[in-house]
Each structure stands twice: as structure tokens, then as C-alpha cells.
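The values are calculated or read from the model by the stated rules, or taken from the named source; none is laboratory data. Predicted model only: the values in this text are computed from it and were never measured. Glycine also receives a Cβ, built like all others from the backbone with ideal geometry; neighbour counts cover every protein chain displayed. Keep in mind that these areas ignore ligands, DNA and RNA; they rest on the heavy atoms of the full protein, side chains included. Shrake-Rupley method; radii C 1.70, N 1.55, O 1.52, S 1.80 Å.
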Amino acid sequence: KNVISNLFGNQQNQVTSLAFDSSGMKIVAGTSNGCVSLYDMRSSQPLFTKEHRYGLPIHTVQFHKGRGSGNLSILSGDSKVVQIWRAESSSSFSSSPETEGSNKFSLGSTISTIEAEADMTHFLTIGDASDPQGQSSGLILCAGEQQKIQSYYSPAL
């Protein structure tokens, strides 16, 4: 079965944003009702599905490879917030069945939330000449419904 049509085949839950990780084995999808799902391309079931708190359409999703630890995270944005999620369990945390999903280091846990000053229409991570993809700067720029671009720093990135 097609992974995307399997989960998002109904009209109430349309895909509004997609991104692949650098290996091409994981895909993250944002939907019109504010959900974000992470998939392994070898499975039709999501590894996790999270809801943004306002239920607004997700306009941007992207993978981000963190500095130092190299842990993979997901950034997802609607018009009010940018959420940063864990796309893999932290290597420094060994989970048990009792704590899986409830620990701050587990897959799908929220790392950080950025609330915008004005409605956003898109965001991206920014770097410099030594880091053009913004993998270690922690700087996020958000375009939106105002004249100035909103800029945020997230030490979690």
C-alpha cells in the first residue's frame, strides 16, 4: 500500500507538507488538521503522530541533524508555532516499556516550541558560510504576515 494514501486518503486530513531525511528512508508529513507524522518508508504505520496545539494546517516540515550529538529532529510549523520534535530516541537514554513515550528523550517527544509574534507562512533554519544548511547555528527565520522577518534562536538545534 502507498504510505501516504493509506493514512491521508480522506478529505479531512490532507497532506500539506512533506520532507525526506537525508537517507531517504524516513518521511515526515504535515496535514491540514495540524498533525505531524513520521514514517519509516518500509512500513505503512507511522513511527509517531503528533498534534500541534491549535489544529491549524502545517505549512512546513523539515528534518534537522543536530550539532555535536548528531541526533535527528523534526521541525514543523503552522501559522502560530514551530515545534521541534525528536525523530529518534536519544542515544544517551535507554528506554523501557514503562517509560517509552513518556520520557523527554523518547521518539516523538517535544524538544522545543517557538510561538510567533505574528502569523507565519514558512520557516527555515539558517547557517553561515561554514554551515550553509544551518545544522549548527540554532537560528530559525520565519516569514509571515508582517513586514519584518521573525528570527528565533533555539539552543536545542
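Quick look at the numbers
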{"read-out": "PHE20 vs. criteria open to solvent by 10 Å² or more (accessible area, probe 1.4 Å), closer than 28 Å to GLY144 by Cα, within 10 Å of the chain's Cα centre (by Cα) and at pLDDT 90 or above", "value": "no"}
{"read-out": "Answer residue from segment 141-157, given it is under 20 Å from ILE84 (Cα atoms) and at pLDDT below 90 and is surrounded by the fewest Cβ atoms within 10 Å (Cβ to Cβ) among those", "value": "PRO155"}
{"read-out": "Residue list for segment 42-78, restricted to those being over 19 Å from ILE126 (Cα atoms), in contact with a strand residue (DSSP E or B) (Cβ under 6 Å, 6 or more places away or on another chain) and aliphatic (A, V, I, L, M)", "value": "LEU47, ILE58"}
{"read-out": "ASP119 under 14 Å from the mean Cα position of the chain (by Cα) and modelled with pLDDT of 90 or more", "value": "no"}
{"read-out": "Residues satisfying the stated conditions in segment 119-140, i.e. of a type in the set (A, V, I, L, M, F, W, C) and open to solvent by less than 20 Å² (accessible area, probe 1.4 Å)", "value": "MET120, PHE123, ILE140"}
{"read-out": "Only one of LEU7, LEU38 that is buried (at least 17 other Cβ atoms within 10 Å of the Cβ) and at pLDDT below 90", "value": "LEU7"}
